[in-house]
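Each reported figure results from applying straightforward, stated rules to the coordinates on display, with no laboratory input. This is a predicted model, so every value here is computed, not measured. Cβ coordinates were reconstructed from backbone atoms using ideal geometry, including for glycine residues, and neighbour counts include every protein chain displayed.
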Amino acid sequence: MKTIFLNFLTLITFVTLTSCGDKAKEADTNQAEAAAVAKSDAVTYEVNPTLSTIQWKGFKPTGEHHGTIALAAGKLNMNSGAIEAGKFVINMDGIEVLDLPKEDDNHAKLTTHLKSDDFFDVQAYPNAKFIVTGTTTTDGQTQLSGNLTLKETTNNISFPVKLTFNDKENIMTLTSETFTIDRSKWNVKYGSKSFFDNLGDKFINDDIEITISLVAEKL
């Protein structure tokens with residue numbers, strides 16, 4: 001019996017480590033800053049929501065879930081090949097769960113739960129937004145900074161991005177490295193050990209992995 005119990009503890013530890021131990025680096029998170037302002041000679045690219053996406057991944061001791069969030073709209077102002085200003089709007093009602101089949105009852109349950117006031121309360125806050133506050137480039141790597149508003153809370157985050165241009169088709173693609181945000185900093189409280197004690201193994205990690213891919217067309 002003792003051997004079985006020890007093996008059980010080993011299994012739980014393994015699942016916890018594999019579910020929670022290999023997440024991407026958290027985005028630098030600070031207080032909101034003033035929005036960047038584009039110069040008069042800036043070139044504007046309009047985000048194509050159909051071709052753009054935000055991938056997410058959430059973690060708990062017994063596993064993980066992943067999916068996408070839809071983009072509603074966005075524009076980026078470019079100068080000399082660099083982002084000068086911009087904004088994109090995230091359709092929080094467009095949260096999709098991809099790791100469960102749609103015919104599985106748990107798919108609908110999880111999707112509904114994420115949209116409920118336990119998590120993102122999309123009825124009250126249908127959109128989130130990201131407003132560019134600046135960029136820095138060091139050793140060829142660009143950090144994009146902006147104010148991310150979820151529900152009623154705004155924080156400034158910075159994360160690495162890569163820009164590619166198709167001048168023939170007037171298309172620009174922005175792709176972020178995978179990064180995490182700490183949902184507790186936006187007061188998304190459900191199952192968070194930052195807000196509740198005695199959750200045991202029923203907690204959900206605060207970190208949410210994010211990967212952003214934007215396709216935008218020059219206006």
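Using the Cβ-Cβ distance between Ser194 and Asn127 with R0 set to 22 Å, the FRET efficiency from 1/(1 + (r/R0)^6) comes to roughly 0.35. For the chain, compute Rg over Rh where Rg is the Cα radius of gyration and Rh is the Kirkwood radius from the inverse mean 1/r over Cα pairs. Looking at the chain, the ratio lands at 1.03.
Considering only beta bridges that DSSP places wholly inside region 98-219, some 100 percent are antiparallel. Averaging over all projection directions, the Cα-based convex hull of region 84-198 occupies 10.3 nm² in the image plane. The alpha-carbon of Lys25 sits under 20 angstrom from the alpha-carbons of these lysines, leaving out residues fewer than 8 places away in its chain: Lys57, Lys60, Lys162, Lys185, Lys193. Near Asp99, the amide H atoms lying under 5 Å from its own belong to His66; only residues 5 or more places off or on other chains count, and H is placed 1.01 Å from N. Packing, as the average of other Cβ atoms within 10 Å across residues, places the peptides 205-215, 149-159 in the order 205-215, 149-159, highest first.
If you line up the long axis of helix 105-115 against the longest principal axis of the chain, both from Cα atoms, how many degrees apart are they, to the nearest 10? The helix 105-115 is inclined about 50 degrees to the chain.
Between Glu46 and Asp104, the distance separating the two model label sites (each 7 Å from Cα on the Cα→Cβ line) works out to 3.9 nm. Enter the angle in degrees (range 0 to 90, nearest 10) between the Cα long axis of helix 2-20 and the first principal axis of the Cα atoms of the chain, meaning the one along which they spread out most. The helix 2-20 is inclined about 10 degrees to the chain. Relative contact order, whole percent, for the chain stands at 24, derived from Cα pairs under 8 Å and 6 or more residues apart.
The chymotrypsin sites (Phe, Trp or Tyr not before Pro) of region 91-154 include none that meets both criteria, a DSSP state outside H, G, I, E and B (loop) and at most 12 other C-beta atoms within 10 angstrom of the site's C-beta.
Ignoring aspartates and glutamates fewer than eight residues from Lys168 along the same chain, the ones with Cα atoms less than 20 angstrom from its Cα are Glu46, Glu217. Three principal axis extents of region 20-76 based on alpha-carbon atoms, in descending order, are 52, 31, 15 Å.
When the chain is treated as a GNM with alpha-carbon contacts under 10 Å, the residue of Asn77, Asn147, Asn166 showing the greatest mean-square fluctuation is Asn166.
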